[in-house]
Amino acid sequence: MSEPLTFPSSFLWGAATSAYQIEGAVREDGRTPSIWDTFCRTPGKVLGGDTGDIAVDHYHRYRDDVALMADLGLTAYRFSVSWPRVQPTGRGPAVQRGLDFYRRLVDELLAHGIKPAVTLYHWDLPQELEDAGGWPERETAYRFAEYAAIVGEALGDRVEQWITLNEPWCSAFLGYGSGVHAPGRTDHAAALGAAHHLNLAHGLGTSALRSVMPARNSVAVSLNPSMLRAVSDAPEDLDAKRRIDNLANGIFHGPMLHGAYPETLFTDTASVTDWSFVQQGDLGAIHQPLDALGLNYYSPTLVSAAENAPSGPRADGHGISDHSPWPAADDVAFHQTPGDRTEMGWTVDPTGLHELIMRYTNEAPGLPIYITENGAAYDDKPDPDGRVHDPERIAYLHGHLSAVRQAISDGADVRGYYLWSLMDNFEWAYGYEKRFGAVYVDYATLARTPKSSARWYGDVARTGALPSEGAGGGA
Ligand code: GBH
């Protein structure tokens, strides 16, 4: 292969971030604590006791950050709105100063020709709503719809692309199941209730956005489906895969895309919950027509029945916790997939991204797809001359963008790609230890330095073409 791979001229080349991971300024302009502020203050939950108090100070440096994106050549930017900045108690009237920050940010992006995509919820629930029960409580879904209307009304005139939730699987199963994410609860019944109420929040939030925004705007959700493989075709391994497929994927795309939970999900989880939180009319409310689907992908997942576990390295599937995120699945074993791994320990496997896109092309025929996150953490360090060379990240991006391009050739309607992440930031339970940025952040000074991958990606964005393998790999 020597010809550069070209992408459609309208393809969006973006980068993604989220509010708590970059903004800092957690006590400014009326913002109150979210569940992540509380979680970070709970000893032992976040590596090094790190918090998002300052993060990368984007709240004050957004102009420079937008200028940097423009300089790199990006044409799109996905960010999230901090709910407790806009509605500090999770209820009632909006704080205008909070909304004004996002108005200024969006205006700055538009002035630089960068298309904004707004995620309404990237995991920072107002603490007051958690105190009232959080996502396992139905009320939280209604509160989300109200919040969605507030933000939609404020920014709907200038933002076309909307995403209700980021990775509801993480909110439900890492937040309330394994407890590695805020609010750190370990209750599988609560996690399944949370999943349903996140689905409901998505549906009600979509309707709320439609009712306040111009019809031209697009509404989507960003899911992080597990790309599952079974260690063998033995019936018990395939059954392990089917069950995790329900718990990771069907539990969200079923109601959102098809208006129904997978039938076997109820029987699979009967030992944990009777699903009585699903009320009449909920599935209709969740099953709203969407304009696009956001897919986040990092690495595939390999499973077997516990009794068939091969002797190779085990991936516990739990993250950094003794508790499994997966309800009623103690007899499923998780394994490391072969191949190079990133600093997170996640295997580099671009074929998983191609499979993922093709699967959702079949799952939702005709629905445009955006890759709303994809990227890798590496142990980046500045050279003595201050430059940061990250050839592994360039190789990762090259591989995964090739997979996207292949999926387009195979008939998938992929409209854009958002690299995770624009810059190094607060990596949740891992604090500042893991660097996902295309731009390096020196945490002592908060100075930003584009890594070689940022320049490489900017060239791809500018030319709309992927250099053939090797070319630019050492840029
Ligand atoms: C995304 O989450 C987030 O949207 C983003 O904020 C974050 O910074 C980025 O990725 C990088 O982490 O071992 O059981 O947890 C990705 C979350 C990571 C969830 C891999 C599933 C593996 C299964 N996913 N994880 S488990």
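Data table
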quantity: Projected area, mean over directions - segment 415-475, Cα convex hull, nm²; calculated: 5.4 nm²
quantity: Farthest positive-ward along the chain dipole, Cα basis, beta-carbon charges - from Leu356, Tyr121, Pro325; calculated: Tyr121
quantity: With every protein chain in place, segment 362-411: carbon and sulfur % of accessible area (1.4 Å); calculated: 48 percent
quantity: Dipole magnitude of segment 5-466, debye to nearest 20 (Cβ charges: Lys/Arg +1, Asp/Glu -1, about Cα centre); calculated: 1120 debye
quantity: For Thr42, solvent-accessible area (1.4 Å; no DNA, RNA or ligand), Å²; calculated: 60 Å²
quantity: Heavy atoms of His60: accessible area, 1.4 Å probe, square angstrom to 10; calculated: 100 Å²
quantity: Alpha-carbon centroids, segment 264-305 and segment 213-258: separation in whole Å; calculated: 7 Å
quantity: Arg78 long-range amide H proximity, modeled H, under 5 Å; calculated: Ala15, Ala16, Thr17, Ala117
quantity: Anisotropy class of segment 260-351 from Cα gyration tensor, a/c 1.5 cut; calculated: oblate
quantity: Within the accessible area of segment 1-157 (1.4 Å probe), percent carbon and sulfur; calculated: 52 percent
quantity: Kirkwood-based shape ratio for segment 212-301, expressed as Rg/Rh from alpha carbons; calculated: 1.04
quantity: Pairwise centroid distance, computed over Cα atoms, of segment 70-115 with segment 409-429, Å; calculated: 19 Å
quantity: Whole-number accessible area per residue in Å² for segment 33-127, which is evaluated in the context of all protein chains at 1.4 Å; calculated: 33 Å²
quantity: Sequence of Leu200, Leu5 from largest to smallest accessible area, 1.4 Å probe; calculated: Leu5, Leu200
quantity: Volume in Å³ per residue [convex hull over Cα atoms, computed for segment 309-468]; calculated: 160 Å³
quantity: Cβ-defined net charge surrounding Tyr360, 14 Å radius [Lys, Arg +1; Asp, Glu -1]; calculated: -3
quantity: Whole-Å semi-axes of the chain's equivalent ellipsoid (Cα gyration tensor); calculated: 30, 28, 23
quantity: Listed residue (Thr347, Phe266, Gly205) projecting farthest to the positive dipole end of the chain, Cβ model; calculated: Gly205
quantity: Beta bridges per DSSP with both ends in the chain, % antiparallel, nearest 5; calculated: 25 percent
quantity: Accessible surface ranking that places the most exposed of Lys434, Lys241, Lys381 first, with a 1.4 angstrom probe; calculated: Lys381, Lys241, Lys434
quantity: Diffusion coefficient, µm² s⁻¹, Stokes-Einstein with Kirkwood Rh over alpha-carbon pairs of segment 39-139 at 25 °C and 0.890 mPa s; calculated: 158 µm²/s
quantity: Environment charge at Ser207 (Cβ cut-off 15 Å; Lys +1, Arg +1, Asp -1, Glu -1); calculated: -2
quantity: Charge dipole (the chain, unit charges on Cβ, about Cα centre) - positive-most of Ile251, Ser468, Trp135; calculated: Ser468
quantity: Formal net charge of residues neighbouring Leu466 (Cβ-Cβ distance under 11 Å; K, R +1; D, E -1); calculated: -2
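The values are calculated or read from the model by the stated rules, or taken from the named source; none is laboratory data. None of the values given here were measured: they were computed from a predicted structure. In this analysis, Cβ positions are derived from the backbone assuming ideal geometry, glycine residues included, and neighbour counts consider all displayed protein chains. These accessible areas exclude ligands, DNA and RNA; they are computed on the full protein's heavy atoms, side chains included. Shrake-Rupley method; radii C 1.70, N 1.55, O 1.52, S 1.80 Å.
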